[in-house]
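Encoded as structure tokens, the structure appears first; notes follow it.
The values are calculated or read from the model by the stated rules, or taken from the named source; none is laboratory data. Everything quoted here is computed from the prediction, not taken from an experiment. Here the Cβ positions follow ideal geometry from the backbone for every residue, glycine too, while neighbour counts run over all protein chains shown.
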Amino acid sequence: MNQESSTKNETFYYDNQIVKMFGIATIVWGVVGMLAGLLIAFQLYFPALSFELPYTTFGRVRPIHTNGIIFAFVGNGIFLGVYYSLQRLLKTRMYSDLLSRLHFWGWQLIIVLAALTLALGFTTGKEYAELEWPIDILITVVWVIFGWNMFFTILRRREQHLYVAIWFYIATFITVAMLHIVNSIEFPVHLLKSYSWYAGMQDAMVQWWYGHNAVAFFLTTPYLGLMYYFLPKAANRPVFSYRLSIIHFWALIFIYIWAGPHHLLYTATPDWAQSLGVVFSVMLIAPSWGGMINGLLTLRGAWDRVREQVELKFMVVAVTAYGMATFEGPMLSLKTVNAISHYTDWTIGHAHIGGLGWNGFLTFGILYWLIPRLYRTELYSKALANYHFWIGTIGIVLYAIPMYWAGFMQSAMWKEFTPEGQLKWQFMDTVTAMKPFYLLRALGGVLYLTGTILMVYNLWKTMAKGNFLAQEEASAPPLQQHFSNHGKEHWHRWIERRPVQFLLVSLIVVAIGGVIEFIPTFLIKSNIPTIATVKPYTPLELTGRDIYIREGCYTCHSQMIRPFRSETARYGEYSKAGEFVYDHPFQWGSKRTGPDLARVGGKYPDSWHFNHMLDPVSMAPNSIMPPYPWLFTNKMDLKYLVPKIKALKRMGVPYTDSDIENAEKILKKQADSIVNNLKKDKINITNDKEIIALIAYLQRLGTDIKKEKNLVTQSN
């Protein structure tokens, strides 16, 4: 090939239509997700906003909110930014328009199916991974479509060098695929019901390896890629330090994957796993702040632009919020700090600094910069955009500060003793004290949503006055597949030109931590000491447990008593790993809006639970828990009772053939016993109602460990 032909430019067209589609989806789902969040925020102050309907309780709407913000709003924001930047960084059109459209419509289908199934109570009961197995398979297929399209676009690029943003896109694709597949291994019972393959402590380890790294590799790494592209573009400045970006990338993806166990400090997980989580979490400060510094220093000499360009204001606050959240996260992983923060609303404030500040504001900044360019016009109103910025910023502050304050207060009240050595506060006292903070948090959410609605109007008017460019013409010389190497070359220059090798090395780097944490957890039996008195759930208790999961009770109640004096005094004996060996999935929870339930079995009579679910305030004045009237009219669905027990048996739960053959008979006998107990308290109900099963499950919790203590006492 001669020099003239090798340097002749080729004309091609960027696909802006797919960018527009993801942009509109980002805006729409952002408003929907925020509305769901606002509803549950106000429900904590006005429980009547559950409307006594099964579809609108906190337990069902909360996962709709989290999944909606993470996968609908942020997910579409990721794809918006990737499809725009990737084409321009690689100087080529996306590999396949068909794959782009399949990706878009497949992702929107997933979002709709997620919202419908979660509202109807079809959930796995695992935070941020609640979707049932057919949707998990669909997620895998759509994610592969996205990766296929992205990777083949990289392979047909006209630009030899892979820019730093693309490193983060590659790491995101391969790591999210690994996390999703490993955590979603389930045993299907029917189309909308499955049980996690893992149980108890092992399930907790896998879930928070996934949960923490969903934050790392869905909410962080792709947005860092977007930061590295859109912030320099908006500022018209080069990235501050290429060398720092290399250190930032490789250190971040290696260290992040180890940090999951810091969500399980003081729980029944092995101490060595907790210690690993702490060490690597603290180490995360360095690469995280390296990225923040690289972003902020990119603006050196461009602060006049920040004052003038509203999109840069959003981006500066976003990068600052990233720095705040990634400093606070490692601090919260320290055991002394975690002993205060865990299960409190401090964690909620921390999570929303990242969500509202980092993801939300960076998305807004990108939209304000990108939409006018796609529509070849000026932003409709810079004044409205500035109002949005200040209203949104105040909303974040009003949201976060009450949650920090409330978290400290909750923890202090939970742990406080009288001079006589008794717990000073009942749990309901802390709930009552929280109400003003919940109201302030909700008002902060109102402000944030108000700013977002201003943006929607502003961008809509911008689109209306502009002229959308669906196919943007560009030209570039073809990629030179054979290049000469003049002298010694840095290793990173070598790997940047080789996307396949880059992908494989990234996979190895992120897989190391998970492999080292999981192998001992799953293969060394001493990590899960068995307890002889721990038995599988009876058919009625299993049915009640499925109802408990369906209603999202784990979103407000934990089932994990930590070895603190205040917790053992309030709840009972601290939790052991062997108690949960038959729990598919585990139900340790991550937030105590209500009290821990690990030892609630036998604490109250059956009639107390009956009345509490019918009218919570009648049994716990000032309760913010909604009533569940449908549990008293719905009949237990026993159609899949035997298949459920068979599925659990195949996963190692020691049910006998007799248990399976006589499942309904055993269930009805236990249900009759509860009905008879209720009759003694002048409550009449038939033995086929869901409330009977839920009572059976609640009365079982913690009783196995009590039996063990009784056996030890008798033997002594």
Exercise. If only one of Gln410, Gln426, Gln422 is under 30 Å from Val337 (Cα atoms), within 28 Å of the chain's Cα centre (by Cα) and either modelled with pLDDT of 95 or more or among the hydroxyl-bearing types (Ser, Thr, Tyr) (or both), which one is it?
Worked result: Gln410
Seminar exercise, completed: Only one of Lys669, Lys649, Lys644, Lys635 is farther than 18 Å from Lys535 by Cβ and either touching a Lys or Arg at 6+ places or on another chain (Cβ under 7 Å) or among the charged types (D, E, K, R) (or both), namely Lys635
For this session: Could you pull out every one of the helices (runs of 4 or more DSSP H) wholly within the stretch 196-312 that has 1 or more residues that are in contact (Cβ under 8 Å) with a residue 24 or more places away in the chain, more than 20 Å from the chain's Cα centre (by Cα) and more than 28 Å from Ile528 (Cα to Cα)?
Result: 221-235, 242-256, 271-283, 285-297, 303-308
Exercise. Which one is farthest from the chain's Cα centre (by Cα), of the residues in the stretch 141-172 that are surrounded by 23 or more Cβ atoms within 10 Å (Cβ to Cβ) and under 30 Å from Phe586 (Cβ atoms)?
Worked result: Ala171
For this session: Consider only pairs whose beta carbons are under 8 Å apart and that are at least six residues apart or on different chains; among these, list those whose first residue lies in the stretch 449-470 and is over 18 Å from Ile18 (Cα atoms) and whose second residue is surrounded by 14 or more Cβ atoms within 10 Å (Cβ to Cβ) and of a type in the set (S, T, N, Q).
Result: Asn458/Ser381; Lys461/Ser381; Thr462/Thr377; Lys465/Thr377
Exercise. Quick check, is Gly552 crowded, with 18+ Cβ neighbours inside 10 Å, among the small types (Gly, Ala, Ser) and modelled with pLDDT of 95 or more?
Worked result: yes
For this session: Tell me, please, whether a residue that is surrounded by 24 or more Cβ atoms within 10 Å (Cβ to Cβ), hydroxyl-bearing (Ser, Thr, Tyr) and in contact with a helix residue (DSSP H, G or I) (Cβ under 9 Å, 6 or more places away or on another chain) can be found in the stretch 364-373.
Result: yes
Exercise. Is there a residue being basic (Lys, Arg), within 29 Å of Thr175 (Cβ to Cβ) and surrounded by fewer than 19 Cβ atoms within 10 Å (Cβ to Cβ) anywhere in the stretch 486-496?
Worked result: yes
Exercise. Of the residues that make up the stretch 626-644, is at least one buried (at least 19 other Cβ atoms within 10 Å of the Cβ), in contact with a Ser or Thr (Cβ under 7 Å, 6 or more places away or on another chain) and in a loop (DSSP other than H, G, I, E, B)?
Worked result: yes
For this session: Tell me which residues, restricted to the stretch 202-246, are of a type in the set (Val, Ile, Thr) and more than 30 Å from Tyr582 (Cβ to Cβ).
Result: Thr220, Thr221, Val239, Ile246
Problem set entry | Which listed residue is free of Cβ contacts under 8 Å to residues at least 12 places away in the same chain and more than 20 Å from Ile18 (Cβ to Cβ), from Leu131, Leu116, Leu179 | Leu116
Problem set entry | Single condition Glu517 does not satisfy, out of (1) under 23 Å from the mean Cα position of the chain (by Cα); (2) over 30 Å from Leu631 (Cβ atoms); (3) modelled with pLDDT of 95 or more; (4) among the charged types (D, E, K, R) | (3)
Exercise. Got at least one residue in the stretch 9-30 being without any contact (Cβ under 8 Å) to a residue 60 or more places away in the chain and more than 30 Å from Ala476 (Cα to Cα)?
Worked result: yes
Exercise. Residues Thr117, Thr140, Thr124, Thr153: which one is closer than 15 Å to His180 by Cα, among the hydroxyl-bearing types (Ser, Thr, Tyr) and part of a helix (DSSP H, G or I)?
Worked result: Thr140
Exercise. In this structure, does Phe427 turn out to be farther than 26 Å from Ile391 by Cα, in contact (Cβ under 8 Å) with a residue 60 or more places away in the chain, among the aromatic types (Phe, Trp, Tyr) and surrounded by 14 or more Cβ atoms within 10 Å (Cβ to Cβ)?
Worked result: yes
Exercise. Restricting the stretch 36-79 to residues that are under 19 Å from the mean Cα position of the chain (by Cα) and aromatic (Phe, Trp, Tyr), which is surrounded by the fewest Cβ atoms within 10 Å (Cβ to Cβ)?
Worked result: Phe71
For this session: Six or more apart or on different chains, Cβ under 8 Å: which pairs go from a residue in the stretch 667-692 that's without any contact (Cβ under 8 Å) to a residue 40 or more places away in the chain and surrounded by 15 or more Cβ atoms within 10 Å (Cβ to Cβ) to one that's among the acidic types (Asp, Glu) and in a helix (DSSP H, G or I)? Could you list them?
Result: Asn687/Asp672
Problem set entry | the stretch 330-373, residues that are aromatic (Phe, Trp, Tyr) and over 30 Å from Arg305 (Cβ atoms) | Tyr343, Trp346
Exercise. How many residues does the stretch 405-424 contain that are surrounded by 13 or more Cβ atoms within 10 Å (Cβ to Cβ) and hydroxyl-bearing (Ser, Thr, Tyr)?
Worked result: 1
For this session: Kindly establish whether Gly572 is surrounded by fewer than 21 Cβ atoms within 10 Å (Cβ to Cβ) and not aliphatic (A, V, I, L, M).
Result: yes
